[in-house]
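What follows is a set of notes on a single structure, which appears directly below.
A short reminder: the numbers here are calculations on the coordinates, not readings from a lab. Note that the structure is a prediction, hence the values are computed from the model and not measured. Methodologically, a virtual Cβ is constructed for each residue, glycine included, from the backbone with ideal geometry; neighbour enumeration extends over all protein chains shown.
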């Protein structure tokens, strides 16, 4: 009985993945369930954001094997950061990585390292100041298209 339930869950997840990829391609790319990468930096970090995001997209796609159309990247700024008891200037960079459940831990680790490496290269910030935190959407904890999924 348990084996049949597990088999059904695995098959459902695989089918959902193929449906998501197909819909994403047909709709021009973005789906609410796509992985998203939110980068937040201090105002003191002056970079060409479009260039950083373009390089980040290419680097993560190359390293992870994911189609660049499956990931959405966006950049925002904190008004101020107090880090380790003092005002932060230029660093750290905080990254929120929103991952769907179809990615395995090893794949998420590759993406996190790729993000940190790419941001370090593009911004000049030491990789040790790039903090990546993951968020995983579990069943019943995501609101998409006005419904809890």
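For the stretch 45-63 and the stretch 105-128, compute the distance between their C-alpha centroids and round to whole Å.
If we compute the Cα centre of each part, the gap is 11 Å.
What is the fewest-to-most order of 38, 141 by other Cβ atoms lying within 10 Å of their Cβ?
Ascending Cβ contact count within 10 Å gives the list 141, 38.
Can you say what percent of the DSSP beta bridges in the stretch 71-149, counting only those with both residues inside, are antiparallel? Round to 5.
Roughly 35 percent of the DSSP beta bridges within the stretch 71-149 come out antiparallel.
Which order do 133, 91, 113 fall in if you start with the one that has the fewest other Cβ atoms within 10 Å?
Starting with the residue having the fewest Cβ neighbours, the order is 133, 113, 91.
Exposure proxy check: 142, 46, 130 ranked by fewest other beta carbons within 10 Å?
46, 142, 130
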